Amino acid sequence: MKNFRIYKLLVFLIILVISSCGSDDEVIYVSPSGTQLVQASFTYSISATDPNVILLNNTTQGSGEFKSEWNFGMGDELVLDQPGLEELRLNGAGSYTIKLYVTNAAGFTEASETVRVDEDGVCPSNICGGIDPSSLKGAAVGFSVGTIVRDNRLTGMHDEVIRRDFNNITSEYQMKMDVMYPSQGTYDFGPADAIVDYGVANGIDVHGHALIWHNSTPDWVENFAGTDAEFEDMIRDYIRTVLERYKGKVRSWDVVNEAIADGSNELRFDDSVFRRRMGADYIEKCFQMARDVDPDVLLFYNDYNMASDSGKRAAMFAIADRLKALNLIDGIGAQLHISYNGPARSEIQAVVDGTVSRNLLMHFAELDIRTNPEENSSVTALSSERALLQKDKYKELAEIYTDIPTANKFAFTVWGLKDNESWLLDFWGVPDFPLLFDSNFDPKPAYQGVIEGFQ
Ligand code: XIL
């Protein structure tokens, strides 16, 4: 330890001398052997299951060999960084300075973060003593607030609003199979990488959506030429490739999305090549494949109409029970594409209760609240009356979510930033105003409703 400190001092002095040489250019220290220093960097998030635990994510990137060690601010001991997220329990109120040292032949660099803890646990966004009502994420205590992104909507106002209000992002469509795996053996991770890199660079969690979805299956998979066994091997390979690529960077994945058929509440068959090729236990198989690749990443089953349709809800919980018995599932994503006038609070609460009683994480996953759901409506603008009813419904969702036990909280994710970008405009083909911001990025009453509901 003493040697390490002297070493640290020497390297610091060398860097100081070099960096005071009067040039405005960035100074990169290069060792006599030609090796460059590797800049240490990390992010952290509060565990969804324990408010006193943080998950440290070593985001250091560099070529060649380097060693990463943590100083957890609780004495001198350095702890070698392990692959994946590093869990750290911070007991007792106070400030903890966590440091990461990265050493290679050229010397070492360090990154540090001060984490504040109060009697409720680690303070979200380092704001202790309750909520900070100046942003959505500030008002959410003990869980994340999410939105969707596209790789070409990460700059300007999008970037500003995302970083101000949200600490979780979901790719709207660019991390689905038809985009990431357009032809057999050829992946396209361009947009997905841009999204994941943005999250990592800004300390925003990334929720992966969605590995297996019957609606984003590339044609070559729909028409797969090989045997069923070859199909299954191909899917295993796809899940492995994607999860390995984003290990430690994507915190959670929707492994299977929308497997239940409307009406029958059976598994989709005709419209799911996965069900047809891999059998009635294809969901368990896919979760197992994901778990085998990354035991640390959180795995979700995600579906819609779980509040409004009690039969579908029961079918979904039956799937969850099978997965839970195999220890393969961490949480349930309830999409919550709903309307200002329904489903009722009690129906939404039933989704939460079923999830909590199974000791799973609850993701309010794809929130949007239609203001213009009536058939043959001629409405073209958002009336103040509807805006307030929508606010009430958003507030209700936020209240229900806030009351979930901390150990079962995960994220409250809105499916879009501004009204004119909502997928619902194309989906229903009528004007609507389902989100928290208007087309100028101005917060609507709905935004205020969420803040109020979080309190
Ligand atoms: C939608 C996206 O918003 C669209 O841009 C895309 O074209 C189709 O998918 N349920 C889901 C989401 O799980 O992935 C869907 O997102 C909306 C419904």
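The values are calculated or read from the model by the stated rules, or taken from the named source; none is laboratory data. Remember, predicted model here, so these are calculated numbers, not experimental data. Neighbour counts are summed over all protein chains in view; Cβ atoms, including those assigned to glycine, are modelled from backbone coordinates with ideal geometry. Surface accessibility is based on the protein's heavy atoms, side chains included, excluding ligands, DNA and RNA. Shrake-Rupley method; radii C 1.70, N 1.55, O 1.52, S 1.80 Å.
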Helix-only [θ] at 222 nm, the chain, -39500 (n - 2.57) per DSSP H run of 4+, per residue, nearest 500, equals -10000 deg cm²/dmol
The relative contact order of the chain, taking Cα pairs under 8 Å that sit 6 or more residues apart, comes to a percentage of 12
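State the dimensionless ratio Rg/Rh of the chain (Rg: radius of gyration of Cα atoms; Rh: Kirkwood radius).
Values: Rg = 23.6 Å, Rh = 23.6 Å.
Value, to two decimals: 1.00.
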Ordering 167-178, 110-121, 145-156 by per-residue average of other C-beta atoms within 10 angstrom, highest first, gives 167-178, 145-156, 110-121
In the chain the DSSP beta bridges are antiparallel at a rate, in percent to nearest 5, of 50
Across 10 Å bins beginning at 0, the whole-percent shares of Cα-Cα pair distances in segment 68-185 come to 11, 27, 29, 26, 7, 0
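For the cross-link pairs LYS67/LYS247; LYS99/LYS137; LYS249/LYS324; LYS285/LYS418; LYS137/LYS393, which exceed 27 Å when the distance is taken from alpha carbon to alpha carbon? Mind showing how you got there, number by number?
Numbers: LYS67/LYS247 19 Å; LYS99/LYS137 25 Å; LYS249/LYS324 24 Å; LYS285/LYS418 37 Å; LYS137/LYS393 19 Å.
Among LYS67/LYS247; LYS99/LYS137; LYS249/LYS324; LYS285/LYS418; LYS137/LYS393, the Cα-Cα distance tops 27 Å for LYS285/LYS418.
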The ³J(HN,Hα) series, computed from each phi in segment 173-179 with the Karplus coefficients 6.51, -1.76 and 1.60 at θ = phi - 60°, rounded to the nearest Hz and given as x for glycine or proline, is 8, 7, 10, 9, 4, 5, 8
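Quantify, in whole percent, the carbon and sulfur part of the accessible surface of the chain (1.4 Å probe; protein heavy atoms only).
The nonpolar share, carbon plus sulfur, comes to 48 percent.
Once R0 is set to 30 Å, what does the formula 1/(1 + (r/R0)^6) return for the Cβ-Cβ distance between ASN223 and ASP193, expressed as a FRET efficiency to the nearest 0.05?
Computed FRET efficiency for ASN223 and ASP193: 0.60.
Using only the heavy atoms of the protein chains and a 1.4 Å probe, how would ARG245, ARG275 rank by accessible area, largest first?
Values: ARG245 105, ARG275 50 Å².
Largest accessible area first, the list is ARG245, ARG275.
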With the charge dipole of the chain built from beta-carbon charges (+1 for Lys and Arg, -1 for Asp and Glu) about the Cα centre, the Cα from PRO431, SER183, VAL293 projecting farthest to the positive end belongs to VAL293
So the FRET efficiency between ARG245 and SER346, C-beta based with R0 = 51 Å and rounded to 0.05, is 0.75
Between SER439 and THR186, the two model label points (7 Å from Cα along the beta-carbon direction) sit apart by a distance in nm of 3.8
Rounded to the nearest 10 Å², the accessible area of MET289 using a 1.4 Å probe with every protein chain kept is 10
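For the full complex of protein chains and a 1.4 angstrom probe, list PHE437, PHE427, PHE224 by accessible area with the highest value first. Walk me through the intermediate numbers first.
Details: PHE437 0, PHE427 120, PHE224 25 Å².
Output order, biggest surface exposure first: PHE427, PHE224, PHE437.
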Whole-Hz Karplus couplings 3J(HN,Hα) for segment 101-116, θ = phi - 60° and coefficients 6.51, -1.76, 1.60, Gly and Pro as x, run 9, 10, 10, 9, 4, 7, x, 9, 10, 9, 10, 9, 9, 9, 10, 9
Neighbours of SER377 by Cβ distance under 12 Å: Lys/Arg at +1, Asp/Glu at -1, summed charge -1
Once all protein chains are kept in place, TRP428 shows an accessible area at probe 1.4 Å, nearest 10 Å², of 130
For segment 447-455, in residue order, the Karplus 3J(HN,Hα) values (coefficients 6.51, -1.76, 1.60; θ = phi - 60°; whole Hz; Gly and Pro = x) are 4, 4, x, 5, 4, 5, x, 6, 8
With the 1.4 Å probe rolled over protein heavy atoms, the chain has an accessible area per residue in Å² of 43
Treating only Lys and Arg (+1) and Asp and Glu (-1) as charged, each at its beta carbon, one finds that the chain has a dipole about its Cα centre, in Debye to the nearest 20, of 840
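Which length gain, in nm to one decimal place, applies between ASN265 and ASN359 when the Cα-Cα distance is subtracted from 0.36 nm times their residue separation?
Values: separation 94, 0.36 × 94 = 33.84 nm, distance 2.33 nm.
That pair, ASN265 and ASN359, stretches by 31.5 nm at full extension.
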